[in-house]
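J.: Sharing a structure here in structure tokens format.
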Amino acid sequence: MAHSKPKSDAPFLFPKCEASVLPDPSRFFSNHLLSNPLPTNSFFQNFTLGKGDQPEYFHPYLIKPAKSSLSISYPSLFHNSDFFHEVFKPDITISGSPVDQSSRQTHQISSFSDLGVNLDFPSSNLRFFLVRGIPFITFSVSCNTITISTSHEFVSFSGNSLSTKYT
């Protein structure tokens, strides 16, 4: 007579392992996203590999996060007979005034879909709404000061009467 094991309603979980090449990407995701499987081979993958500071291509821009800022580059193309390479040179960097100087965390993904990702910077209260193929950058800020720096000349800068939207 064969004995059968009792059925378990608990889902199978792969055992946790430590990778010597790639550290755990979960530190770049908000806690509420960690109860589900994390995406693999996503368009924002560079934000979660290593230190999370490699530029990622969001047509037509390269986007690169740092500790309390995001840099945007309209890349130039370098190529030879062997390969093409998009050169990252920051055209615009948006920084928030740090509200938590002790934070060692750079950025955190608070939501994602097949077309977009929200990138939060807890140390400076910035949130970027990044969408593939969009020609502009949208972000919200809940700190007192932001800095927008560029190596180019500003042609115009205007805000609405409530100082809540700038172009």
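The values are calculated or read from the model by the stated rules, or taken from the named source; none is laboratory data. Note that the coordinates shown come from a computational prediction; the quantities given were computed from them, not determined experimentally. Here the Cβ is made from the backbone with ideal geometry for all residues, glycine too, and neighbour counts use every protein chain on show.
J.: For residues that are buried (at least 16 other Cβ atoms within 10 Å of the Cβ), under 15 Å from the mean Cα position of the chain (by Cα) and either in a loop (DSSP other than H, G, I, E, B) or at pLDDT 95 or above (or both), tally how many sit in the stretch 74-107.
T.: Number satisfying all stated conditions: 2.
J.: Out of the residues in the stretch 60-73 that are outside any strand (DSSP E or B) and of a type outside the set (Gly, Ala, Ser), which is nearest to THR48 (Cα to Cα)?
T.: LYS67
J.: Which residues, counting only those in the stretch 22-55, are crowded, with 17+ Cβ neighbours inside 10 Å and touching a Leu at 6+ places or on another chain (Cβ under 7 Å)?
T.: Those that are crowded, with 17+ Cβ neighbours inside 10 Å and touching a Leu at 6+ places or on another chain (Cβ under 7 Å): PRO25, PHE29, PHE47, PRO55.
J.: Let me ask something else. When you look at SER163, is it surrounded by 12 or more Cβ atoms within 10 Å (Cβ to Cβ), part of a loop (DSSP other than H, G, I, E, B) and of a type in the set (S, T, N, Q), yes or no?
T.: no
J.: Scanning the stretch 110-148 for residues that are in a loop (DSSP other than H, G, I, E, B) and free of Cβ contacts under 8 Å to residues at least 24 places away in the same chain, which turns out farthest from PRO55 (Cα to Cα)?
T.: This residue is SER142.
J.: Need the failing condition index for TYR57 against (1) modelled with pLDDT under 85; (2) not in a loop (DSSP other than H, G, I, E, B), just the number.
T.: Unmet condition: (1).
J.: Identify all residues within the stretch 56-73 that are without any contact (Cβ under 8 Å) to a residue 24 or more places away in the chain and either under 12 Å from the mean Cα position of the chain (by Cα) or surrounded by fewer than 16 Cβ atoms within 10 Å (Cβ to Cβ) (or both); write none if there are none.
T.: Once the filter is applied, which keeps residues that are without any contact (Cβ under 8 Å) to a residue 24 or more places away in the chain and either under 12 Å from the mean Cα position of the chain (by Cα) or surrounded by fewer than 16 Cβ atoms within 10 Å (Cβ to Cβ) (or both), the stretch 56-73 yields GLU56, SER71.
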